Amino acid sequence: MSAEIPTAKLHEITKNVWSMVLGFRIQPVKFDAGKAGSQEFVLGKVTISGTWQGAVTLGCSSGLARRAAAAMFGKLPAEADAGEIRDALGELTNMVGGNYKTLLKGDCKLSVPNVMDTVPFVAVNPAPPEHQWFECEGGMVLVNVVKGPPR
Amino acid sequence: MKILVVDDSRAMRALIRRTLRGTRYDAATIAEAENAGDALASIHESRPDLVLANFNMPGMSGIELLERLHDDGVDVSFGFITSDDSVANVERARQAGACFVIGKPFTRQALRRAVNEATEGKRNSP
C-alpha cells in the first residue's frame, strides 16, 4: 500500500465503483484463507508510471466476475461470455486504478488494463494476505496497490 | 442527432448507451468505436453531433484524437468520460476544446446533464 494514500481511501474508491457501476454492495472483510482457497479469480491490473510507480490490481472470484459482467452488459449472468467477463473486469480495474491515480501527487501515467482469467487462489500474486479483501453478493473481491517498478 | 461513443471497453460502451436510453436521445443514432483510429475514420465519414470518448486507450488516446480533429479542421462537440479525471487531464482536455470531462464511475444524472448541455446548441441551431 502506498504510504501517501490511506487504505480507507482505497476502500472508498472500491465501494464507489461497485455501487455506482454495478449497484452491488461491497463490504471489507478479514482475509479468510479457507474461503479464498476454494475460489478461482479473474485478475485485472493497471500500472502507474511517473513520479509514482506501481500497480493497482483488482481480483474477483469467478462467479462474481460473471455477475459483474452481466450487470455491465445488461444481460443475465448465464449469457455473459469469457470475453465480456474479461472486458468488464478490465474496466472495473481501470476505474479503481484511475481513481487511485488521481489522488497521487506529481505527473503520472495510467496504463490500459491487463486481465488474466481463472487464476487459482494459490497463483494470485503478490501473496493474497497483502490484499484488501471484500465480500460482495456472496463472492470475493481483492484489491491491492503495489508500489515499485513493474515486475 | 448522431452520437459516437469511443472506448476500448465494450462494457463501458454498453453502459453509456444504456445510460442515454429513456432520454431525449432515444431517437438518436448512437454509433461505437473501440479505438481512436476507427473513431477518426467514423467522424470524417458520418460527422456526429457529439463524440463521447475515453481518455486513456491503447494506441491513439482520446486527447490525441481531439487534437487530430482540430488539425483536420473538424468541428465537433467532444466530451471525455474517463477514470483518470486528474487536474492535469481535465486542464489538457479543456485547452483542447472539450465540452466536459466526466469521471468514471459516473452517475446517470451527471452523464445526461453533461450530454444535454453539450448538445443544447445543436438542438437550438437552425
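Laboratory data are not the source of any read-out in this text; all were calculated from the coordinates shown. Note that the coordinates shown come from a computational prediction; the quantities given were computed from them, not determined experimentally. All Cβ positions, glycine included, derive from the backbone under ideal geometry; neighbour counts span all protein chains shown.
Structure values in brief
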{"quantity": "Residues within segment A:95-113 that are over 14 Å from the mean Cα position of the chain (by Cα) and closer than 12 Å to B:Lys104 by Cα, tallied", "calculated": "1"}
{"quantity": "The lone exception for B:Ile16 - which of (1) of a type in the set (Val, Ile, Thr); (2) touching a helix residue (DSSP H, G or I) at 6+ places or on another chain (Cβ under 6 Å); (3) within 12 Å of another protein chain (Cβ to nearest Cβ) it fails", "calculated": "(2)"}
{"quantity": "Criterion violated by A:Val17 - all others in (1) farther than 15 Å from B:Ala11 by Cβ; (2) touching a Pro at 6+ places or on another chain (Cβ under 9 Å); (3) crowded, with 16+ Cβ neighbours inside 10 Å satisfied", "calculated": "(1)"}
{"quantity": "Residue identified as facing chain B (nearest Cβ under 9 Å) and acidic (Asp, Glu) among A:Asp117, A:Asp107", "calculated": "A:Asp107"}
{"quantity": "Out of A:Ala65, A:Ala69, sole residue that is without any contact (Cβ under 8 Å) to a residue 24 or more places away in the chain and part of a helix (DSSP H, G or I)", "calculated": "A:Ala69"}
{"quantity": "Every residue from segment A:86-105 that is assigned to a helix (DSSP H, G or I) and among the polar types (S, T, N, Q)", "calculated": "A:Thr93, A:Asn94, A:Asn99"}
{"quantity": "Checklist (1) within 14 Å of chain A (Cβ to nearest Cβ); (2) part of a strand (DSSP E or B) applied to B:Ile63, failing item", "calculated": "(2)"}
